[in-house]
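The values are calculated or read from the model by the stated rules, or taken from the named source; none is laboratory data. Quick caveat: nothing in here was measured; it's all calculated off a predicted structure. Note: ideal-geometry Cβ built from the backbone for every residue, glycine included; neighbour counts use all protein chains shown.
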Amino acid sequence: MRRTSTALLIVLALFGVGAGFGFNHLLTISGRATFTPSPFLPVLLLLIALAVFLLAWPVRRSTRGGARVDPFRALRAATLARASSLLGAILAGFGGGLLVFLLTRPVPAPVGSVVAMIALVVSAMLLVGVALIAEQFCTLPKDSDDRKPDDPTE
C-alpha cells in the first residue's frame, strides 16, 4: 500500500473549497441563510485524530522495539489513517470555501460564524497532519527475506 500523496490531498482540498463556496452561494441566491458548521464538528475531528494516533502508536512501538507486528492491525490502522487524511483534506477545503465566501461578502459576517469556520479548517488540517504521521507509523520495515523476484544479487 502506497502512502497518501500530497497532490491528492491538495486536489481534494481544492474540490472542497469549490464545494463550500458553491454551497454557500447557492444558499444565498435562493434567499436562505449561509451555512455555519456545528461547533461540535471541530471537536469531533480532534477526537478522530486522537483515535487514529492511539491506534497507530502500538504499531510504531512494535516496529521500533523489534517485536513481532500484527500485519492486520497495522493495515487497519494505516487504512484508518489514510481515510482520515482524505476526510480532513476535504473538510479543510470545504470549511475554507465557506470562510472565503463569508469574507468576500460586502456585508460583514457574524464573528461566531467566522470563528466556527476557522476552527473547522484548523481542526481538519490537524487531522490531516496526525493521520499522515500515523500512516508513517504503520509502515512496516522490510524483512530480510523480502526481495524482488528479478533481483540478480540473490
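List of remarks:
- Single match in 68, 64 (criterion: of a type in the set (Lys, Arg), surrounded by fewer than 13 Cβ atoms within 10 Å (Cβ to Cβ) and either touching a residue at least 24 places away in the same chain (Cβ under 8 Å) or within 20 Å of residue 3 (Cα to Cα) (or both)): 64
- The range 94-113, subset modelled with pLDDT under 90 and out of contact with any Ser or Thr (no Cβ under 6 Å at 6 or more places or on another chain), residue surrounded by the fewest Cβ atoms within 10 Å (Cβ to Cβ): 106
- Residue within the range 3-11 that is within 20 Å of the chain's Cα centre (by Cα), of a type outside the set (Ser, Thr, Tyr) and part of a loop (DSSP other than H, G, I, E, B) present: yes
- Residue within the range 38-45 that is buried (at least 17 other Cβ atoms within 10 Å of the Cβ), among the hydrophobic types (A, V, I, L, M, F, W, C), within 23 Å of residue 137 (Cβ to Cβ) and within 17 Å of the chain's Cα centre (by Cα) present: yes
- Among residues of the range 6-35 that are farther than 13 Å from residue 102 by Cβ, those with a beta-carbon under 7 Å from a residue that is among the aromatic types (Phe, Trp, Tyr) at least six positions away or on a different chain give the pairs 16/94; 19/94.
- Test for residue 123: is it closer than 19 Å to residue 41 by Cα, among the polar types (S, T, N, Q) and at pLDDT 95 or above: yes
- Out of 50, 55, sole residue that is within 22 Å of the chain's Cα centre (by Cα), crowded, with 18+ Cβ neighbours inside 10 Å and farther than 12 Å from residue 120 by Cα: 55
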